[in-house]
1. Residues of region 68-137: accessible area per residue at 1.4 Å, in Å²?
2. Let me have the relative contact order for region 1-113, percent, based on Cα pairs under 8 Å that are six or more residues apart.
3. Report the accessible area of ILE107, computed with a 1.4 Å probe over the heavy atoms of all protein chains in place, in Å² rounded to the nearest 10.
4. Which order do you get for PHE308, PHE116 if you rank them by accessible area with a 1.4 Å probe, largest at the top?
5. Taking square-rooted eigenvalues a ≥ b ≥ c of the alpha carbon gyration tensor, is region 235-305 rounded, prolate or oblate, where a/c under 1.5 means rounded and, failing that, a/b exceeding b/c means prolate?
6. Please list, ordered by chain and number, the residues whose modelled amide H lies under 5 Å from the amide H of ASP146; skip anything fewer than 5 residues away on the same chain.
7. Could you tell me the relative contact order of region 203-268? Use alpha-carbon pairs under 8 Å, at least six residues apart, and round to a whole percent.
8. If ligands, DNA and RNA are left out, what is the accessible area of LEU178 with a 1.4 Å probe, given in Å² to the nearest 10?
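The values are calculated or read from the model by the stated rules, or taken from the named source; none is laboratory data. Here the structure is a predicted model, which means the values were calculated and not measured. Here the Cβ positions follow ideal geometry from the backbone for every residue, glycine too, while neighbour counts run over all protein chains shown. Accessible surface areas use protein heavy atoms only, side chains included; no ligands, DNA or RNA. Shrake-Rupley method; radii C 1.70, N 1.55, O 1.52, S 1.80 Å.
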Amino acid sequence: MRTKIIGTGSFAPARVVTNDDLAEIVETSDEWIRTRTGIGQRRISDGPGTAVMAAEAARQAMENGGIGPEDIDLIITATSTSDYCFPSTACEVQGMIGAVNAVGYDISAACSGFIFALNAADALIRAGMYQRGLVIGADNLSKIVDWADRSTCVLFGDGAGAAVVEASREEGVIRTILGSDGCKASVLKCQSRTMGNFLTGDKPEPGYISMEGQEVFKFAVKKVPECIQNLLADSGTDLKDVKYLILHQANYRICESIAKRLKVSMDKIPMNIERYGNTSGATIPMLLDELNREGKIKPGDKVVLAGFGAGLTWGASLVQW
Ligand code: UT7
């Protein structure tokens, strides 16, 4: 059995926050943000949390795939910003969409999360344990961003993307490679908000995203092309036979540098960072949904999905549509 993506969906909160809006709260400018990152605006939630966004993306993916919630037997959500410590976002989504026959759980791999979740669903479906799953990437980073830190707050946005995957005799997810390097955990992190107990006396403190931007940049431009090259070599696929490299949207310059290293033109690397910023685990499925809905990916096309992020983690998946 193989795992085929049969439907996609996405959701972004209605509220648009422009670079000029941010220039009113921190010392920055539209020019700096655009030239250093490619971001023009982002969507910030003033209401819906992670699960609501994820559920909406899931509903759209099910509609796109022509299936109902009762057909789903597996829900895996990749998120770093679950609304609750427990229950999981996947269980919340299950309740919201009425997927009564499913089992749901979350995966934490930050911006690489969607690839990790897709890999888990693929392995379980190949093993014959499940037939039809929802793989979701959803993040509400605006609630863990330090809105006084201009080096991070201009980068992120909120959103969710989802894919319906189904057991199939046809080729689908061809191969996935994942990696992590916990020695670099401190480079990009957000401390948990509730710490300590009556023995330690520590008071709960809010944790915010902190990042050594250039370290992440250097890691991404080296690791992602390497990972894609290994993925293609392992699966005997030529890069010229891949229609799109659907990359995590963290910085336009990172994607340009990856294109240069792989010697491909930016035509092969679709971008939507200008409109949404970095929505962490949601960037890849949101972009995938956009391309799918625009009819840019046709049956038989091969695409590579690739992400990187906190952990540090990275991963790439070769998928035949
Ligand atoms: O999903 C994965 C998570 N994150 C990433 O992938 C991010 C990876 N890193 C990056 O994208 C880039 O490193 C950043 C966009 C975060 C930063 O770009 P950079 O070209 O590496 O800039 P920098 O950190 O070297 O900062 C350059 C200057 C500094 O000023 P000085 O020291 O040269 O005077 C910063 O203080 O830009 C300043 N700066 C800003 N200026 C205006 C930093 N943030 C801002 C800002 N507006 N928002």
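1. 37 Å²
2. Contact order relative to length: 27 percent.
3. Ignoring ligands and nucleic acids, ILE107 comes out at about 30 Å².
4. Order by accessible area, largest first: PHE116, PHE308.
5. Judged from the Cα gyration tensor, region 235-305 comes out oblate (a/c at least 1.5, b/c at or above a/b).
6. Amide H neighbours of ASP146: ILE209.
7. Reported relative contact order: 37 percent.
8. Probe radius 1.4 Å; accessible area of LEU178 about 70 Å².
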